[in-house]
Amino acid sequence: MVGFKNLPGAFGVEVTDIDLSTASDGEIRQLLDIFYRHQVVVLRRQDLSFERFDDITKKFGHQHPHFLDHLRMRGHPAILMLSNIYENGRQLGVHEGACFWHTDVAYLDPANSTTMVYSVKRPRDGCPTSLADCFGAYDALPESMKRKIDDLVCIHHYGNRDFQSGAAEKNSKFEAERMTEDQKKKVKDVYHPLVKRHPITGRKSLYSVAGTSWGIVDWPEDEAVALLRELMDHCLQDRFITSIDYDVGDFAAWDTFSTLHCATPLAGAGPDDPNARILWRVSVNGLSPLYRLEETYQGMSTAA
Ligand SMILES: [Fe+2]
């Protein structure tokens, strides 16, 4: 029986008694049930080949190769490299471009539903990811604010809204990863509800109020940004925050509909530097193929 225990922070769990290298679909379904309830899962000391990691991620949804195609693993487009390694002047993966609060791939439609990482190289000093519980943050809002925001639609595009603004201290220091000229031509606005109902559980979340949310439909820009910053600051209170670090072999997943996250800055390193880091990351959208639609909030809400 797959088990779990709470992480030390405000939410998220460490899942136990499952070996991902051999887990059956039945065991992975138990893992998914825990994941959708707790939003963040960590599985320690797994031993996964590239092929098995790739296979596991497909149990969480539909793989979506990342927009930053120059930072994907060569020959394996579904895997985005997260790394501080520079070799012969070439950047191996996303480095400081994730060191601000954001939701992965909220700048596309369909948006990301789950992000998964697998730790291949641990930096000597560690490099945790902080995450915020946006279900809990929504639930804690006054009813008047819930009524004000429940039907609003946000405008998203690639980047960090608060970079260098100085007006949002917690999120102004790092820009999103730089794009190539070809990638810049593909940036466009997409629209997502500010309050998102989770397709599996039906819980309401403050969706992606940091990072890629640049405005609110039919609102003046200054008022929209002020409200989004107010909601971001609300989400980033200690009572909603957890943190995970990774040893070699650790697998983690976070639900991107109900969390914000932020990487820790780490100095650049050569490939043999003791502080070099490599995480493999896969993004998926849609629902797990191990769930039947009628088992989900989405299925229940559309049933005749
Ligand atoms: Fe991210």
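Key figures for this structure:
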| read-out | value |
| --- | --- |
| Qualifying lysines (Cα of each under 16 Å from Cα of Lys184; at least 8 residues distant if same chain) | none |
| Shape of the range 205-244, Cα gyration tensor, a/c cut at 1.5 | prolate |
| Loop trypsin sites (Lys or Arg not before Pro), the range 44-79, which have at most 16 other Cβ atoms in a 10 Å radius of their Cβ (DSSP) | Arg44, Arg45, Lys58, Arg74 |
| Estimated D of the chain in µm² per second, where Rh is the Kirkwood radius over Cα pairs and Stokes-Einstein applies at 4 °C, 1.567 mPa s | 66 µm²/s |
| Least to most buried among Arg122, Arg37 (fewest other Cβ within 10 Å first) | Arg37, Arg122 |
| Shape of the range 232-290, Cα gyration tensor, a/c cut at 1.5 | oblate |
| Intensity falloff of the range 49-137 expressed as log10 I(q)/I(0), Debye formula with alpha-carbon point scatterers, at q = 0.17, 0.23 Å⁻¹ | -0.89, -1.54 |
| Residue order, fewest to most beta carbons within 10 Å, for Cys99, Cys235, Cys154 | Cys99, Cys235, Cys154 |
| Cα-based reach from Lys146 at 19 Å (exclusive), listing lysines while leaving out same-chain residues under 8 positions away | Lys196, Lys204 |
| Environment charge at Val13 (Cβ cut-off 9 Å; Lys +1, Arg +1, Asp -1, Glu -1) | +1 |
| The chain: most fluctuating residue of Tyr191, Tyr246, Tyr86 per GNM, C-alpha cutoff 10 Å | Tyr86 |
| Estimated 222 nm signal from helices in the chain, with DSSP H stretches of n ≥ 4 weighted -39500 (n - 2.57), rounded to 500 | -5500 deg cm²/dmol |
| For the range 192-197, Karplus couplings with θ = phi - 60° (6.51, -1.76, 1.60), whole Hz, Gly/Pro x | 9, x, 5, 9, 10, 7 |
| Rounded to 5, percent antiparallel among DSSP beta bridges of the range 3-302 | 95 percent |
| Relative contact order of the range 3-302, pairs being alpha-carbon contacts under 8 Å that are 6 or more residues apart, as % | 34 percent |
| Among Leu80, Leu194, Leu266 the positive-end extreme of the charge dipole of the chain (Cβ point charges) | Leu80 |
| For the range 1-132, share of DSSP beta bridges that run antiparallel, in % to the nearest 5 | 75 percent |
| Compactness of the range 98-224, expressed as Rg and Dmax over alpha-carbon positions, Å | 15.8, 48 |
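Just so you know, all these numbers are worked out from the coordinates, no wet-lab data involved. Owing to the predicted nature of the structure, the values given are computational and were not obtained by experimental measurement. All Cβ positions, even for glycine, are placed from backbone atoms using ideal geometry, and neighbour counts span all protein chains on display.
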